[in-house]
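Written below as structure tokens is the structure these notes are about.
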Amino acid sequence: MEFTKYTALTAEQALKKLAGNKKGLSAPEAQVRLKKFGFNQIASHELKWWHIFFKQFNSPFIYILFFASGLALTMGEKIDGFMILGFITINVIISFIQEYHSAKTIQLLRKFIIARCHVWRSGSECLLDSRELVPGDIAVVETGDIIPADLRFIETNALTVNESILTGESAPVWKTKEPTKQPMADIAAAKNIGFVGTTMVSGRALGVVIATGNATIMGEIAVLTASAERTSPFAKGIYDFSRFIMKMTITILILLFTINLLIKGANANLIELTLFSIALAVSVIPEALPLVTTLSLSTGAMRLARRHVVVKRLTAVEDLGSIEILCADKTGTITENKLAVAQINSPEPEKCLLMATITASFLTEKKTDPNNAFDLALWQKLTAATKAEARAYTRVNEIPFDPDRRKNSVLVKISGQLQLIVRGAPEAILAGTNLRLSEKKEALNWSAQEGLLGRRVIAVANKAFSSTNYKIKDEHNLIFLGMISFFDPLKTTSQKAINKAEHLGVQIKILTGDGPEVAGAVAKQVGLIANAGQVLTGKQLDAMDETERLPAVESHNVFARISPTQKYEIIQILQKKYAVGFLGEGINDAPALKIANVAIAVDKAADIAREASDIILLRHDLKVIIDGVQSGREIFCNTIKYLEITLISNFGNFYAIAIASLVLLFLPMLPVQILLLNLLSDFPMIAIVADSVDRQELKRPRIYNVHEVAAIAILFGFISTVFDFIIFALFYHAEPSVLQTNWFIGSVLTELALIFSMRTKLPFWRSRPPSLILGGLTAAAALAAIIIPFTIFGQTVFKFIKPSSGHLLIIAGVVLGYFIITETIKKFYFPPKTQLKNL
């Protein structure tokens, strides 16, 4: 990082290194540097909208759906053909909008480069277009200003800066011109650096520009954000399945046509054989997958919306269920992001609390509430009577807080009496008191113990004073009043959320810009670590080589003093083995959000964090996310059910019909009958999105495994083929129309029976009951398969004949046997131990 090398330099050394001086650069020199370093603006390569649009068609499944649509339209099935085209259009538009918005997030960073700023040039202060700032320029910043570039402060006066957009910590940071003892790569430790985009809370300063444009900390974030590409577990899984199905379909099409042609030779009807081969090949395609997934994801999104979660990228609903690690900041997620008084160590607690509050500057503005986290905590601790007493004091004089002195003091008057009150770090206050050495050690020990608990401590002292004027040297011989410790309270839901995450197999990791003591104490309270020392800092991470980083990042659950780049790197490292979700809200979180498998932001997050996210929380609560993980798991389970059941039935039918077509002189099932078979078997599968899910299947994250699903489809598809051949053996001596009709009815009913067997890994009678809508649609499809052959429409359009009652009873017996055998094989294929292990 560019700023690091300037932290340990004195102001004079920094100026010398940049060949600058306090009077500013000359205009000619500034122009030379502008040509060398470029404009002070964030620049990055951005994709054009048409590139993003055409990218959406680069998917095997899109090709398959176009093929299926073309076939349906060719065969006169216009409704099916146009419905598939409609699915393609909807998916492409939604994906384009999501990716286009994601690509535009970089523009949101540019607003933090302000339009104009005050700069010293050629010995005088002037107002300059901030784009023209160059390294070596002397910028002037004061209360309310946004810092225009990365600065090394060379003069400061009571300077505090809000760096929350970079660190996530809302408390203002005191800045100084003094060098650090060693170069600081940690943003929070760089006390003499002003970062572009951060806001001046109080004071005034001069700073020499050390970096502009993409060389600034904001520029580094922009470069990372622009280069980051998110991998969606859902999209990757569907892509892998699509590629597998496409290859299989093409192979089937060629082999079936070729073998039929070789066997039948001159007797083959080329037109009829071509249509049959294509129809049979397309029958393997799970063409209802877009509809099933869209309904699943939409249902999940609506469910999350009721829990105050807004889903921006629909596939993120299922991706949320696949995450194995959730990384989040502690502040505002696990804790309330506000300070509260923890302990008061004083013989006179009320007086100590009152005197500490009186030093707050907000009391001079009679109607305002505290805007400082410490002051607000003190004010909320006071009773109504004590608040009135605090406002009765008249402020006569004050010396503001100085980060070098680590204290501030005020001179106040009440009832004609003057009092000098000093508040600050315990070491700084105790040094000016008249306590004995043993008493000072005791006080410092108490402060140290509170620090180990992650608490921040201030000390308070006072004395009577006779003059209205005082100086720093008067802050001695003070009467020690006591110390007050502060903490950021845990959210009431944090412990339950972490326990539920553990139950779901999701590991929580804290990534924070806060100190290791605070982060460790919070993590220990919620049970993420056994002791507060199990914290990895950004500095320690940087010191590791590549071989050490992965095991270190895996084994640690708490990371403190982490920079935006380190957050990004931690996510990258974890993604080598895990699906990772990230919860962030600041600009510093944008790169990590952009690369995470699931990006989550709160509604009050920075614009770029919201734009880079997939999910927006309207309630900043870890429990909401963990509940969403469970919803995502349910959607995954139902989607995988659809894929397994559809591929099993499709494989089974394909094997049977393809083999039968080689030995029969007529087609075992007409192309139009195959398409109707697909329609009726897929019809109830739409309701799989609302099906109940066994609790065991929610215990572990799961991913799409093409080989596992293919193995299931091939094994159980073979069983389905065996029963298809049983029907074939029973009826192949009959007329072709009798075989075709009975085989059609048997195929539909066995596929419907398969739904109720394969919807659960458990025995059918031990699983959770299927949803009513799934049962209703299955019954409707079964009735349709039986009734259509009895109708004039079915006999005219689909060439069926009326089946006899005896044939129907035989088919029913075969279907029942098929269900029993499937349940038996399933018991051995999914034994109880492997059920739990794989889930």
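Key figures for this structure:
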{"item": "Candidate set: region 562-577, residues that are in a helix (DSSP H, G or I) and not polar (S, T, N, Q); chosen: the one nearest to the chain's Cα centre (by Cα)", "result": "571"}
{"item": "Of all residues making up region 566-583, the number that are buried (at least 24 other Cβ atoms within 10 Å of the Cβ) and aromatic (Phe, Trp, Tyr)", "result": "2"}
{"item": "Wholly enclosed helices (runs of 4 or more DSSP H) of region 1-66 bearing at least 2 residues closer than 29 Å to residue 190 by Cα and at pLDDT below 85", "result": "none"}
{"item": "Qualifying residue in region 382-392 (condition: crowded, with 19+ Cβ neighbours inside 10 Å, in contact with a helix residue (DSSP H, G or I) (Cβ under 7 Å, 6 or more places away or on another chain) and either of a type outside the set (A, V, I, L, M) or under 30 Å from residue 514 (Cα atoms) (or both))", "result": "no"}
{"item": "Failed item, numbered, when residue 170 is tested on (1) at pLDDT below 90; (2) over 18 Å from residue 563 (Cα atoms); (3) in a loop (DSSP other than H, G, I, E, B); (4) not hydrophobic (A, V, I, L, M, F, W, C)", "result": "(2)"}
{"item": "Test: residue in region 674-691 that is in the same structural domain as residue 778 (by TED's automatic domain parsing), closer than 25 Å to residue 825 by Cβ and surrounded by fewer than 20 Cβ atoms within 10 Å (Cβ to Cβ)", "result": "no"}
{"item": "Residue that is farthest from residue 751 (Cα to Cα), among those in region 774-796 that are surrounded by 13 or more Cβ atoms within 10 Å (Cβ to Cβ) and β-branched (Val, Ile, Thr)", "result": "791"}
{"item": "Count - residues of region 680-698 that are farther than 19 Å from residue 650 by Cα and among the hydrophobic types (A, V, I, L, M, F, W, C)", "result": "4"}
{"item": "Breaking point among (1) out of contact with any strand residue (DSSP E or B) (no Cβ under 7 Å at 6 or more places or on another chain); (2) of a type outside the set (A, V, I, L, M); (3) assigned by TED's automatic domain parsing to the domain that holds residue 496, for residue 642", "result": "(3)"}
{"item": "Count of residues meeting criterion [at pLDDT 90 or above and surrounded by 21 or more Cβ atoms within 10 Å (Cβ to Cβ)] in region 155-167", "result": "0"}
{"item": "Residue that is surrounded by the fewest Cβ atoms within 10 Å (Cβ to Cβ) [pool: residues in region 202-224 that are among the polar types (S, T, N, Q) and either at pLDDT 85 or above or over 17 Å from residue 154 (Cα atoms) (or both)]", "result": "214"}
{"item": "Matching residues, region 598-642, being in a loop (DSSP other than H, G, I, E, B) and of a type in the set (A, V, I, L, M)", "result": "605, 606, 618"}
{"item": "Unique residue being assigned by TED's automatic domain parsing to the domain that holds residue 571, farther than 30 Å from residue 399 by Cα, among the basic types (Lys, Arg) and without any contact (Cβ under 8 Å) to a residue 40 or more places away in the chain when the list is 500, 524", "result": "524"}
{"item": "Residue check, residue 444 assigned by TED's automatic domain parsing to the domain that holds residue 400 and over 50 Å from the mean Cα position of the chain (by Cα)", "result": "no"}
{"item": "Residue within region 614-632 that is closer than 19 Å to residue 303 by Cβ and out of contact with any helix residue (DSSP H, G or I) (no Cβ under 9 Å at 6 or more places or on another chain) present", "result": "yes"}
{"item": "Any chance residue 599 is among the aliphatic types (A, V, I, L, M), buried (at least 23 other Cβ atoms within 10 Å of the Cβ) and touching a Phe, Trp or Tyr at 6+ places or on another chain (Cβ under 7 Å)", "result": "yes"}
{"item": "Unique residue being more than 18 Å from residue 457 (Cβ to Cβ) and not small (Gly, Ala, Ser) when the list is 345, 408, 372, 337", "result": "337"}
{"item": "Close pairs (7 angstrom Cβ cut-off, 6 or more residues apart or separate chains): in the same structural domain as residue 692 (by TED's automatic domain parsing) and farther than 22 Å from residue 724 by Cβ in region 752-777, at pLDDT 90 or above and outside any loop (DSSP other than H, G, I, E, B) anywhere", "result": "763/823; 770/756"}
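Conditions tested, residue by residue: (1) within 31 Å of the chain's Cα centre (by Cα); (2) part of a strand (DSSP E or B).
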position	(1), (2)
165	yes, no
177	no, no
183	no, no
202	no, yes
205	no, yes
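The values are calculated or read from the model by the stated rules, or taken from the named source; none is laboratory data. Given the structure is predicted, the values throughout are model-derived calculations rather than measurements. Using ideal geometry, Cβ is built from the backbone for each residue, glycine included, and neighbour counts are taken over all protein chains shown.
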